[in-house]
Ligand SMILES: Cc1cc2nc3c(=O)[nH]c(=O)nc-3n(C[C@H](O)[C@H](O)[C@H](O)COP(=O)(O)O)c2cc1C
């Protein structure tokens, strides 16, 4: 697929099914992530793959996080949290690792991790895979971060849901560049 075609037509797809990306496809996904712009070559990111039975364990962690925050959480809410990771055969947790650096403030390291996530989405699209970047409360919950083994200086930038496309690949929305670009 042409590079510009990928850049101009990537869309998020929420309806994902097995099979999960193959080992070869994953290698491309992560090589794309590692090409994120990176001030100071700090490599301020790492990635966790969650699949198979790991998705059920992540669902349990989400439900526990919900109960930790709200012990009165309704059983329906708990069931919803538990089912969230089952929406795709593979989840990639994109983690920003922020390190003190006089020239590279935290925001730049977080942006770099965001670019890494975008690289994965683009490489997924280029390989005919489906993907969507999700966060929600669980991405910002320290209970979840601890359960995933994150260090104090690490934070979740997103859960990338990846799989094979179920149904039609939708078209991107038509935005006008003139609405966002002006001369100064
Ligand atoms: C940081 C971040 C967090 C997001 N979190 C969610 C989310 O939790 N749930 C969701 O449905 N979409 C979420 N989105 C939006 C989707 O990933 C997607 O970008 C959006 O649906 C627009 O679709 P498109 O990428 O095809 O234009 C998030 C996007 C970003 C950048």
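Any read-out appearing in this document is the output of simple, stated calculations on the displayed coordinates, not a laboratory observation. The model shown is predicted, which means the values in this text are computed figures rather than measured ones. In this analysis, Cβ positions are derived from the backbone assuming ideal geometry, glycine residues included, and neighbour counts consider all displayed protein chains.
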Pairwise FRET efficiency - residue 143 versus residue 4, Cβ, R0 = 45 Å, nearest 0.05: 0.60
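Would you list 5, 141 from fewest to most Cβ contacts within 10 Å? List each step's numbers first, then the result.
Working: 5 11, 141 18.
Neighbour counts put them in this order, fewest first: 5, 141.
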Roughly speaking, what is the stretch gain from residue 64 to residue 151, that is 0.36 nm per residue apart minus the C-alpha to C-alpha distance, in nm to one decimal? 29.4 nm
By average Cβ neighbour count within 10 Å, what is the ranking of 79-86, 110-117 from highest down? 110-117, 79-86
Compute the relative contact order of the stretch 1-108 as a whole-number percentage, counting only Cα pairs closer than 8 Å that sit 6 or more residues apart in sequence. 37
At 20 °C and 1.002 mPa s, the Stokes-Einstein diffusion coefficient in µm²/s for the chain, with hydrodynamic radius from the Kirkwood sum on alpha carbon pairs, is 122
Can you tell me how the stretch 101-184 classifies by the Cα gyration tensor, rounded, prolate or oblate, using a/c under 1.5 as the rounded cut? oblate
